[in-house]
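Below: one structure, written as structure tokens.
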Amino acid sequence: MDYLQINGGRKLSGSVTISGAKNAALPIIAATILSDKEVTLTNMPNVVDIRTLLKLLTMLGGTVAHENTVAHINNGTITSTKAVYEIVSQMRASILVLGPLLARFGECEVSLPGGCAIGQRPIDLHLKALESMGAKIEIKGGYVHAMAPNGLKGAKIIFDKITVGGTENIVMAAALAKGTTTIVNAAKEPEVVQLCEMIADAGVKIEGIGTNELSIEGTDGKPLSFKTVDIIPDRIEAGTYLCAGAITNSSITLNKVDHGHIRASIDKLESMGCTFDLKEDSITIYPAKELKPVNLITIEYPGFPTDMQAQFMAVAVMAEGESLIEERLFENRFMHVSELNRLGADIWLKGSTAAVKGVEKLYGADVMATDLRASSALVLAALVAEGTTNVRRIYHLDRGYDDLEGKLAALGADIVRKSGK
Ligand code: EPZ
């Protein structure tokens with residue numbers, strides 16, 4: 001199993017290009033099921049989760065040609081509507097095929113995703129919403145069996161909670177439904193916005209894009225023809241590199257970013273003393289003279305993202321004073337705390353809040369990655385830890401960061417991937 005070996009203490013400099021957003025690409029790949037013609041996706045990140053979802057499409061009978069950052073997908077050849085456990089258990093986001101498969105074929109079977117390291121993550125809201133649209137849903141043998149032999153019907157969906165994946169699944173289902181679907185309390189993350197724009201560009205009338213209320217006029221079963229989609233920059237990857245600049249006290253430039261999408265991270269780093277130079281699609285971070293502590297609460301977009309919580313905790317470890325970090329989205333997204341403490345951090349957990357007392361120094365150690373963002377927090381801490389840190393179980397990192405070690409090494413970090421235990 002590969003691990004990352006990092007010798008801490010190097011300053012970073014230079015520039016890094018941000019890849020396409022994994023969490024935008026995944027629903028967009030799922031949305032290609034709404035079409036029976038070829039769709040081209042560009043600026044795809046080179047990460048395992050993308051390859052997993054493309055593999056699922058080929059298992060359904062879709063035709064996929066994927067090289068580097070471009071994928072040509074033709075789902076006119078789909079012969080099966082069963083998303084098997086083997087794939088869904090590797091990646092929860094596979095549940096995103098539920099809405100489009102049901103909408104296009106009138107039935108499907110999708111394995112229930114099962115356990116997750118960061119929280120329970122049920123899909124009850126996705127299922128309830130599809131039922132409101134006329135689907136018959138049964139859970140049998142670990143699979144969601146969904147049926148709508150006469151097609152889905154537009155409905156008014158009120159989500160009890162804002163859900164990114166739930167909103168995406170219902171937007172896709174609604175695109176081919178009969179009549180208008182209204183989603184109240186919809187998610188408005190940039191990834192949801194890009195999915196809506198892709199579907200709207202295919203001729204589906206969608207109102208309220210980028211707001212908490214969406215209204216989608218379905219095509220009554222007629223498959224869509226999509227234009228080429230260029231995946232938006234990954235706001236979480238960008239935020240992670242800003243944290244790399246902040247924690248190593250370095251000035252680095254990020255190319256291919258959308259500042260609007262990373263406003264919450266910029267604001268928090270500014271409050272910690274960092275400064276920024278914003279150009280059209282690049283941003284330079286200048287380090288703080290003295291890194292101040294931060295208080296943050298994770299919340300839906302445009303609030304502070306849960307996917308940046310772990311990385312900010314790593315930065316807060318090096319701040320002068322005590323930071324308070326509250327996680328509101330997922331009940332178990334603090335697995336990185338004990339690993340950061342193994343490097344010498346001083347973090348105490350009480351319920352959903354972590355109190356982080358800044359320390360003078362961290363010391364390299366062997367640590368274990370527990371989920372995607374926790375892994376990048378450990379890498380950030382390792383960049384400033386004295387001595388050598390081995391970050392293990394980096395298959396989590398490979399799921400969502402495009403060449404993290406290559407990009408950090410190009411910025412001057414002493415980081416190498418090694419194989420072995
Ligand atoms: C998306 O997950 C992202 N994944 C996650 O990124 C991200 O952390 C999350 O949104 C929140 O921003 C992708 O986009 C592929 P949710 P998703 O449904 O859609 C509860 C990363 O690191 N809920 O918005 O699964 C749920 O348990 C990943 O890249 C229900 O109760 O998240 C959570 O508490 C990890 N019932 C809250 O809603 C449901 O049916 C928000 O989850 C659905 C969700």
(request) Would you confirm whether any residue within the range 69-78 is modelled with pLDDT of 95 or more, within 30 Å of Leu383 (Cβ to Cβ) and assigned to a loop (DSSP other than H, G, I, E, B)? (result) yes
(message) For the range 79-93: of the residues being hydroxyl-bearing (Ser, Thr, Tyr), in a loop (DSSP other than H, G, I, E, B) and away from the ligand (no atom under 16 Å from the Cβ), which is most open to solvent (accessible area, probe 1.4 Å)?
(response) Thr79
(message) Between Glu280, Glu290, Glu320, Glu331, which is within 16 Å of the ligand (Cβ to nearest atom), surrounded by fewer than 17 Cβ atoms within 10 Å (Cβ to Cβ) and assigned to a loop (DSSP other than H, G, I, E, B)?
(response) Glu331
(message) Name the single residue that is least open to solvent (accessible area, probe 1.4 Å) among those in the range 293-317 being part of a loop (DSSP other than H, G, I, E, B) and away from the ligand (no atom under 16 Å from the Cβ).
(response) Val294
(request) Report the residue count in the range 393-421 for those that are within 21 Å of the chain's Cα centre (by Cα), in contact (Cβ under 8 Å) with a residue 60 or more places away in the chain and more than 19 Å from Asp307 (Cβ to Cβ). (result) 1
(request) Taking the residues in the range 213-228 that are within 12 Å of Ile157 (Cβ to Cβ) and out of contact with any Cys (no Cβ under 9 Å at 6 or more places or on another chain) as candidates, determine which candidate is least open to solvent (accessible area, probe 1.4 Å). (result) Ser215
(request) Among residues belonging to the range 59-107 that are hydroxyl-bearing (Ser, Thr, Tyr) and more than 17 Å from Lys37 (Cβ to Cβ), point out the one that is farthest from the chain's Cα centre (by Cα). (result) Ser80
(message) Residue pairs, Cβ under 8 Å, 6 or more apart or interchain, first in the range 262-280 and touching a residue at least 12 places away in the same chain (Cβ under 8 Å), second of a type in the set (S, T, N, Q) and open to solvent by 70 Å² or more (accessible area, probe 1.4 Å). List them.
(response) none
(request) Give the range 362-392 a look and list any residue that's under 24 Å from the mean Cα position of the chain (by Cα) and away from the ligand (no atom under 16 Å from the Cβ), or say none. (result) Val367, Met368, Ala381, Ala382, Leu383, Val391, Arg392
(request) Taking Leu96 as the residue in question, decide whether it is more than 16 Å from the ligand (Cβ to nearest atom) and open to solvent by less than 20 Å² (accessible area, probe 1.4 Å). (result) no
(message) So, in the range 339-357, how many residues would count as being open to solvent by less than 30 Å² (accessible area, probe 1.4 Å) and free of Cβ contacts under 8 Å to residues at least 40 places away in the same chain?
(response) 4
(request) Out of the residues in the range 191-211 that are touching a residue at least 24 places away in the same chain (Cβ under 8 Å) and open to solvent by 40 Å² or more (accessible area, probe 1.4 Å), state the one that is nearest to Ser35 (Cα to Cα). (result) Asp201
(message) Going residue by residue through the range 335-345, is there one that turns out to be away from the ligand (no atom under 16 Å from the Cβ), out of contact with any strand residue (DSSP E or B) (no Cβ under 7 Å at 6 or more places or on another chain) and charged (D, E, K, R)?
(response) no
(request) Just one of (1) in contact with a helix residue (DSSP H, G or I) (Cβ under 6 Å, 6 or more places away or on another chain); (2) crowded, with 18+ Cβ neighbours inside 10 Å; (3) of a type outside the set (Gly, Ala, Ser); (4) more than 30 Å from Leu12 (Cβ to Cβ) trips up Ile247, so point out which. (result) (4)
(message) Please go through the range 99-117 and give me each residue that is in a strand (DSSP E or B), open to solvent by 20 Å² or more (accessible area, probe 1.4 Å) and either in contact with a Lys or Arg (Cβ under 8 Å, 6 or more places away or on another chain) or within 18 Å of Leu372 (Cα to Cα) (or both), ordered by number.
(response) Glu109
(message) If I filter the range 178-194 for residues that are assigned to a loop (DSSP other than H, G, I, E, B), out of contact with any Lys or Arg (no Cβ under 7 Å at 6 or more places or on another chain) and under 26 Å from Ile87 (Cα atoms), do I get at least one hit?
(response) yes
(message) Looking at the range 148-166, can you tell me whether even one residue there is within 8 Å of the ligand (Cβ to nearest atom), crowded, with 20+ Cβ neighbours inside 10 Å, β-branched (Val, Ile, Thr) and part of a loop (DSSP other than H, G, I, E, B)?
(response) yes
(message) Quick check on this structure: which one of Thr40, Thr58 is surrounded by fewer than 17 Cβ atoms within 10 Å (Cβ to Cβ), more than 16 Å from the ligand (Cβ to nearest atom) and part of a helix (DSSP H, G or I)?
(response) Thr58
(message) Can you report the number of residues in the range 167-190 which are open to solvent by 10 Å² or more (accessible area, probe 1.4 Å), among the charged types (D, E, K, R) and within 14 Å of the ligand (Cβ to nearest atom)?
(response) 2
(request) Output the residues belonging to the range 118-147 that are acidic (Asp, Glu) and either buried (at least 20 other Cβ atoms within 10 Å of the Cβ) or more than 16 Å from the ligand (Cβ to nearest atom) (or both). (result) Glu138
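The values are calculated or read from the model by the stated rules, or taken from the named source; none is laboratory data. Remember, predicted model here, so these are calculated numbers, not experimental data. Glycine gets a Cβ as well: all are built from the backbone with ideal geometry, and neighbour counts include every protein chain shown. In case anyone asks, the SASA skips ligands and DNA or RNA and just uses the protein heavy atoms, side chains included. Shrake-Rupley method; radii C 1.70, N 1.55, O 1.52, S 1.80 Å.
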